[in-house]
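Take a look at the structure below.
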Amino acid sequence: MLQHIDERLRRWAEWNVRRTEGGLGYPRQANYTRLGGSSSMGYCEIPDEEAWEIEQIVTSMGEILKVSVRTWYFDTATIEQKARRLGVSHMALRKYIDLAHQYIDEQLKFNKTNYHRDSVGAAPARV
């Protein structure tokens, strides 16, 4: 697991929960906020642009990685329960999360490189 990607995904999950809570007055919690003692102030530590970048990357993933990431970061169950819900072993779920972290890290580096090239006037990379 890549720690810097895990932290970014945790902030993305919090952002996602806060933007979809529907204004009922009782904020939902992602699994990690229960353990970490999240702030009751309603403050989200991730800028919208950063969260949206992660959202787009997760959405672009293959189905098993996308579902694994959403389950891992949004579901409040244990790892074993999450894996069972997905119909995989807990070791397979961990492997999917590792693969997703690698994919996200590569995409973030690619996005940063292309943004830098575009901002200095160089031709964008061809894919």
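The rows are residues; the columns are (1) assigned to a loop (DSSP other than H, G, I, E, B); (2) touching a strand residue (DSSP E or B) at 6+ places or on another chain (Cβ under 9 Å); (3) modelled with pLDDT under 95; (4) of a type outside the set (Phe, Trp, Tyr).
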| site | (1), (2), (3), (4) |
| --- | --- |
| Met1 | yes, no, yes, yes |
| Glu21 | yes, no, yes, yes |
| Tyr26 | yes, no, yes, no |
| Arg34 | no, no, yes, yes |
| Ile54 | no, no, no, yes |
| Ser68 | no, no, no, yes |
| Met91 | no, no, no, yes |
| Leu99 | no, no, no, yes |
| Gln102 | no, no, no, yes |
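So, in the stretch 56-66, how many residues would count as being farther than 18 Å from His90 by Cα and in a helix (DSSP H, G or I)? Selection size over the stretch 56-66: 5.
The values are calculated or read from the model by the stated rules, or taken from the named source; none is laboratory data. These numbers were taken from a predicted model, which means no experiment stands behind them. FYI the Cβ positions are ideal-geometry reconstructions off the backbone, even for glycines, and counts take in every protein chain you see.
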